[in-house]
Amino acid sequence: MKKWLVSLLALCLMLTLCFSAVAEPLANVAALKGPTAMGLVKMMSDDSESWNFTISAAPDEITPLLIKGELDIAAVPANLASVLYNKTEGKIKVLAINTLGVLYIVENGNSVQSIEDLRGKTIYSAGKGATPEYALNYVLSANGIDPTTDVTIEYKTEHTECLTALLNNEGAVAMLPQPFVTTAKSKAPDIRVALDLNDVWADLQEGNEHQSALLTGVVVARTEFVENNPEAVAAFMDAYAASVTFANENVDETAVLIGAFDIVPEAVAKQALPFCRIVYIDGDEMQDKLSGYLQVLFDQDPAAVGGVLPDEAFYYKR
C-alpha cells in the first residue's frame, strides 16, 4: 500500500513538473503605453501563456529590467535601442521596427500649410533631448529654417501640457504624437493637423539610395537571449508580425483590446489607430531605415544614439 502511494505521489509530482514546464513563458516582454504597444494587443490577447507581457508608462521603467536580464524582449524608442547597445557593449540587438513617425504639427487655426509657414512662429513641444527635438530640428534645418533663430520652440515636460497650450491659445502651433492629436481634435473642432512630419521626412529622403524614415519605436532583445533561444525569437517575430497585421486590418476589434489593456481608451484608439503608423519591418529594410534615422540624430548630437553609431552586429537578421 505504501509503495503504491509513493508511486502515485511520484507520478503526480512528475505531471506537475511537466505542466509547469509547458506553462513557463517563452520570454518576458515589455512595451510602452501608446503606439508601441498597440501592435502587440492581439498577441497579448491570444497567447498570454506563451509570453509574459508587461505594459509600462515610461522607458526608464523598462531599461533597468532589460539590462539586468529580467526582461528578454522590449518595445522601446528607436534611439534608446542604440543607446542601450552602446551602454551594454553589444548586449542588445534590434529585431524590428514597430512604429514609424507619429509626430504631427497641429494648430489651433489655419495658417500653416507648409514647413515654411512655421517661420516666426512659436511651437509647443515635449521631448527635449529626445526624438521629437531631433526630428523637428532636422526637418526645419533641411528646409532652410534655423531652429534657434527662425522659430521659437517652447518645450514642455509632457505632451498634455502642449495640448493645454494649444487649446488655450488661438493660433497656437504644437508638435504632438498620436493619440494626443486625436484627443486634441475631439476637444476642439478648430484644431487641425497642419503637417505630417512622416511625409515631410520622406520628401527629404527622395533620391537617396538608402532611404531612412522617421521612426518612433523598435523591438529589441537581449543578445544572450537571442543566441540561446533562436526558436523563441523566431516565434515571437512571426506572432508579432501577425499581430501588427491584425491591428491595421481590424481597427474596431483592436481598439476594444487596446481599451481592455488600458493602453488608451477604446474610443481614442479607434480614431487614432489609422494614424499611428504601426508596422513590422525587419531584415535589410529595417537596417536601412533605422541606420539612416540614427545617422540624422548622430549628426545633431552623438549622445542621442549613445556616443557612436551602432555597428552591424546591432541589427538582427534571421
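The values are calculated or read from the model by the stated rules, or taken from the named source; none is laboratory data. Nothing here was measured: the structure is a model prediction, and the numbers come from that model. Methodologically, a virtual Cβ is constructed for each residue, glycine included, from the backbone with ideal geometry; neighbour enumeration extends over all protein chains shown. In case anyone asks, the SASA skips ligands and DNA or RNA and just uses the protein heavy atoms, side chains included. Shrake-Rupley method; radii C 1.70, N 1.55, O 1.52, S 1.80 Å.
Do you know which of the residues in the stretch 54-76 that are of a type outside the set (D, E, K, R) and open to solvent by 40 Å² or more (accessible area, probe 1.4 Å) is farthest from residue 269 (Cα to Cα)? Spell out the reasoning first.
Going residue by residue through the stretch 54-76, those that are of a type outside the set (D, E, K, R) are 54-59, 62-67, 69, 71, 73-76.
Narrowing the set further to residues that are open to solvent by 40 Å² or more (accessible area, probe 1.4 Å) leaves 54-55, 57, 59, 64-65, 67.
Details: 54: 19, 55: 16, 57: 17, 59: 21, 64: 29, 65: 28, 67: 31 Å.
Filtering the stretch 54-76 for residues that are of a type outside the set (D, E, K, R) and open to solvent by 40 Å² or more (accessible area, probe 1.4 Å), the one farthest from residue 269 (Cα to Cα) comes out as 67.
So if I check each of 138, 134, 155, which one is outside any helix (DSSP H, G or I), under 20 Å from residue 177 (Cα atoms) and either among the small types (Gly, Ala, Ser) or under 22 Å from the mean Cα position of the chain (by Cα) (or both)?
155
When you go through 157, 99 one by one, which is the residue that is touching a strand residue (DSSP E or B) at 6+ places or on another chain (Cβ under 7 Å), open to solvent by 20 Å² or more (accessible area, probe 1.4 Å) and among the polar types (S, T, N, Q)?
Numbers: 99 fails: open to solvent by 20 Å² or more (accessible area, probe 1.4 Å).
After ruling out the rest, the residue left standing is 157.
If you check every pair at least six apart or on different chains, which have Cβ atoms under 7 Å apart with a residue in the stretch 265-293 that is closer than 26 Å to residue 134 by Cβ first and a residue that is assigned to a helix (DSSP H, G or I) and among the charged types (D, E, K, R) second?
281/289
Would you call residue 202 open to solvent by 10 Å² or more (accessible area, probe 1.4 Å), modelled with pLDDT under 90, in a helix (DSSP H, G or I) and among the hydrophobic types (A, V, I, L, M, F, W, C)? Before the answer, list the steps.
Details: open to solvent by 10 Å² or more (accessible area, probe 1.4 Å): yes; modelled with pLDDT under 90: yes; in a helix (DSSP H, G or I): yes; among the hydrophobic types (A, V, I, L, M, F, W, C): yes.
Yes, satisfied.
Cβ-Cβ under 6 Å, sequence separation 6+ or interchain: first residue in the stretch 245-260 and free of Cβ contacts under 8 Å to residues at least 12 places away in the same chain, partner open to solvent by 30 Å² or more (accessible area, probe 1.4 Å) and outside any helix (DSSP H, G or I). Which pairs?
259/265
Return the only residue of 168, 79, 137, 108 being of a type outside the set (A, V, I, L, M, F, W, C), at pLDDT below 95 and surrounded by 21 or more Cβ atoms within 10 Å (Cβ to Cβ).
Details: 168 fails: surrounded by 21 or more Cβ atoms within 10 Å (Cβ to Cβ); 137 fails: surrounded by 21 or more Cβ atoms within 10 Å (Cβ to Cβ); 108 fails: surrounded by 21 or more Cβ atoms within 10 Å (Cβ to Cβ).
Answer to the check: 79.
Out of the residues in the stretch 293-318 that are buried (at least 19 other Cβ atoms within 10 Å of the Cβ) and of a type in the set (Gly, Ala, Ser), which is farthest from residue 89 (Cα to Cα)?
304
What number goes with the only condition from (1) exposed (fewer than 15 other Cβ atoms within 10 Å of the Cβ); (2) more than 16 Å from residue 304 (Cβ to Cβ) that residue 129 does not pass?
(2)
Taking the stated definitions as given, is residue 265 open to solvent by 50 Å² or more (accessible area, probe 1.4 Å) and either of a type in the set (Gly, Ala, Ser) or within 19 Å of residue 177 (Cβ to Cβ) (or both)?
Numbers: open to solvent by 50 Å² or more (accessible area, probe 1.4 Å): yes; either of a type in the set (Gly, Ala, Ser) or within 19 Å of residue 177 (Cβ to Cβ) (or both): yes.
For residue 265, the condition - open to solvent by 50 Å² or more (accessible area, probe 1.4 Å) and either of a type in the set (Gly, Ala, Ser) or within 19 Å of residue 177 (Cβ to Cβ) (or both) - is met.
What are the residues in the stretch 53-85 that are without any contact (Cβ under 8 Å) to a residue 12 or more places away in the chain and either aliphatic (A, V, I, L, M) or over 20 Å from residue 131 (Cβ atoms) (or both), if any?
Answer for the stretch 53-85, where residues must be without any contact (Cβ under 8 Å) to a residue 12 or more places away in the chain and either aliphatic (A, V, I, L, M) or over 20 Å from residue 131 (Cβ atoms) (or both): 64, 68.
Of all residues in the stretch 47-104, which are part of a loop (DSSP other than H, G, I, E, B) and over 19 Å from residue 312 (Cα atoms)? So that I can check it myself, show each step before the final result.
Narrowing the stretch 47-104 to residues part of a loop (DSSP other than H, G, I, E, B): 47-50, 57-58, 69-72, 88-91, 101-102.
Answer for the stretch 47-104, where residues must be part of a loop (DSSP other than H, G, I, E, B) and over 19 Å from residue 312 (Cα atoms): 47, 48, 49, 50, 57, 58, 69, 70, 71, 72, 101, 102.
Considering each residue of the stretch 209-243, count those that are under 22 Å from residue 82 (Cβ atoms) and either in contact (Cβ under 8 Å) with a residue 24 or more places away in the chain or open to solvent by less than 70 Å² (accessible area, probe 1.4 Å) (or both), and give that number.
21
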